[in-house]
Amino acid sequence: MTNQNAQEQTTQLQHDSFAYLNGELCIEGLSVDEIADKVPTPFYCYSASTIRNAYTLLSDRLRPTGASICFAVKANSNISVLRLLSELESGMDIVSGGELERALAAGVPPSKIVFSGVGKTRAEITRALGVGIHQINVESRAELDVIRDVARIMNCRAPIVFRVNPDVDAQTHAKISTGKKGDKFGIAIEEIRELYAKAAESPELDLQGLAVHIGSQLLNLSPYRTAYVRLASLVKKLRSDGLPVRRLDLGGGLGIRYDFGVGPNVSEYAGIIQDTVTSLGCELTVEPGRWLVGPAGMLVTEVLYLKETGDTVTAIVDAAMNDLMRPSLYGAIHPVLPLQSSDDRAQCAYQIVGPVCETSDVFGSYGDLPPLHSGTRVAFGCAGAYGASMASSYNSRDLIAEVLVDGGRFRVIRRRQTIDDLLPLEKPTPWSTINSCTDAAIAL
Ligand SMILES: *Cc1c(COP(=O)(O)O)cnc(C)c1O
């Protein structure tokens, strides 16, 4: 890459926190290569100031609408990241009991936690009500019955909203559309009126309002307008039935550009909220995940081997689909950032793959890279959302470390898992000591 190219790349990086300084890729002024000298690759690396800037920008733009932010924990559930956002006054949107414990461990008050998700268990509902959660988003009649039952047993009132499926096409990847009729999420909009009226009569239920979440990675904002207009008209119908609607949860889904292009305009997003629902006078919440943390992270990896495969040169790196699932799951392409900008004018093409034994373990084909060699380090950009949080230990590979850079310093915020963490879960117990009802059958 020429210096000029390196410079162009610098200006393309979405946030000031990432830049080539003296030819080295830096996060907040810190050389990523120097971090990689101390933390073995692969690892995730996040910029705290990029997350803070994103949060501050969004909350500024939303201020006139009155909407507050609950970060969708599933996008990046590291408790240091949750704490950072919580310190900025963010609430949290969780989808499991595990995420509830993470949010609590990060110091988030239960009064700022919203529980979404299509299949909450009785145990999860019990724990959520036990800690005094702000709101449970109900996704079906059957779930409503369980919530009512648990609240009765616990002698409390469950604060709920109904998640509406507004039948809107989010115009995003089929695997992340959630608001179309037939998607497994929410309750069909036609059924809400009757269900709402019934729930309003239940002493165990503290019925607060409605929620929508139409999908993820929305780059076109117009589906939001369609969904919020439908939501607003439903609110008016419910109110005309004499039913109170105090809260509206507007969901997440704001997309980011994985090629460092200009993403959706958040002022326009705020304008849509203002136009469609602000005048209803409800308490408003949005639940962005990806938009707040995606651009703030990278996956740092090292080339293990080069190999000729047909006409292409394949670079096998030490990161794989188990570390970053998005390419193999959604066909997503993450940009590759060389850690060193190079004066070499050659622009080489590589297919970059991981070592996992799956044909889909491919990050992508890239045509404009400096020459790679065994030992060259590169980073996949825009990997702060749905990266570490989606990782698995498939092929018995370690869950990798996560590093947070903040103000010129870095810290490992999750150590790398080792096989010694995993093997004790599988200690073989001799069958001779087990009969089907003894404790030995269930405890290792
Ligand atoms: C996943 C999810 C979000 C966040 O989605 P993003 O695309 O990351 O903004 C918000 N709300 C609910 C209910 C979700 O399931």
>> Need the failing condition index for Tyr330 against (1) surrounded by fewer than 22 Cβ atoms within 10 Å (Cβ to Cβ); (2) farther than 22 Å from Val73 by Cβ, just the number.
In response: (2)
> Looking at the stretch 160-185, which of its residues are within 14 Å of the ligand (Cβ to nearest atom) and in a loop (DSSP other than H, G, I, E, B)?
Replying inline: Pro166, Ala170, Gln171, Thr172, His173, Thr178, Gly179, Asp183, Lys184, Phe185
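Taking Gly209, is it within 16 Å of the ligand (Cβ to nearest atom), modelled with pLDDT of 95 or more, in a loop (DSSP other than H, G, I, E, B) and crowded, with 19+ Cβ neighbours inside 10 Å?
Considered against the rule, which asks whether it is within 16 Å of the ligand (Cβ to nearest atom), modelled with pLDDT of 95 or more, in a loop (DSSP other than H, G, I, E, B) and crowded, with 19+ Cβ neighbours inside 10 Å, Gly209 comes out as no.
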> Got a sec? Which strands (runs of 3 or more DSSP E) wholly within the stretch 304-364 have at least 3 residues that are more than 21 Å from Asp37 (Cα to Cα) and over 26 Å from the mean Cα position of the chain (by Cα)?
Replying inline: 312-317, 348-353
>> Within the stretch 244-257, does at least one residue satisfy the condition of being in a helix (DSSP H, G or I) and in the same structural domain as Arg193 (by TED's automatic domain parsing)?
In response: no
> Does at least one position in the stretch 264-278 carry a residue that is of a type in the set (S, T, N, Q), closer than 22 Å to Cys382 by Cα and in contact with a Pro (Cβ under 8 Å, 6 or more places away or on another chain)?
Replying inline: no
> Wholly within the stretch 14-129, which strands (runs of 3 or more DSSP E) include no fewer than the required count, namely at least 1 residues that are within 16 Å of the ligand (Cβ to nearest atom)?
Replying inline: 43-47, 67-72, 91-94, 113-115
>> Lys236 - would you say it is more than 11 Å from the ligand (Cβ to nearest atom), basic (Lys, Arg), not in a helix (DSSP H, G or I) and not assigned by TED's automatic domain parsing to the domain that holds Ala383?
In response: no
>> Considering only residues that are of a type in the set (A, V, I, L, M) and within 16 Å of the ligand (Cβ to nearest atom), which ones fall in the stretch 286-334?
In response: Val286, Leu292, Val293, Ala296, Leu324, Met325, Leu329, Ala332
>> I'd like the residue in the stretch 219-233 that is out of contact with any helix residue (DSSP H, G or I) (no Cβ under 7 Å at 6 or more places or on another chain) and within 22 Å of Ser116 (Cα to Cα) and, out of all such residues, is farthest from the ligand (Cβ to nearest atom).
In response: Thr226
> Scanning the stretch 164-204 for residues that are touching a strand residue (DSSP E or B) at 6+ places or on another chain (Cβ under 8 Å) and of a type in the set (Ser, Thr, Tyr), which turns out modelled with the lowest pLDDT?
Replying inline: Ser177
> Does the stretch 136-159 hold any residues that are in a helix (DSSP H, G or I) and open to solvent by less than 20 Å² (accessible area, probe 1.4 Å), and which are they?
Replying inline: Glu143, Leu144, Ile147, Val150, Ala151
>> Name the residue that is farthest from the ligand (Cβ to nearest atom), counting only residues in the stretch 149-159 that are touching a strand residue (DSSP E or B) at 6+ places or on another chain (Cβ under 6 Å) and not small (Gly, Ala, Ser).
In response: Arg157
> Name the residues in the stretch 259-317 that are open to solvent by 30 Å² or more (accessible area, probe 1.4 Å), in contact (Cβ under 8 Å) with a residue 24 or more places away in the chain and either assigned by TED's automatic domain parsing to the domain that holds Ala232 or among the aromatic types (Phe, Trp, Tyr) (or both), would you?
Replying inline: Asp259, Phe260, Asn265, Ser267, Glu268, Gln274, Asp275, Thr278, Glu283, Trp291, Tyr305
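The values are calculated or read from the model by the stated rules, or taken from the named source; none is laboratory data. Since we're looking at a predicted model, the values are computed, not measured. For neighbour counting, all protein chains shown are included, and Cβ atoms are generated from backbone atoms with ideal geometry for every residue, glycine included. For accessibility, only protein heavy atoms count, side chains too; no ligands or nucleic acids. Shrake-Rupley method; radii C 1.70, N 1.55, O 1.52, S 1.80 Å.
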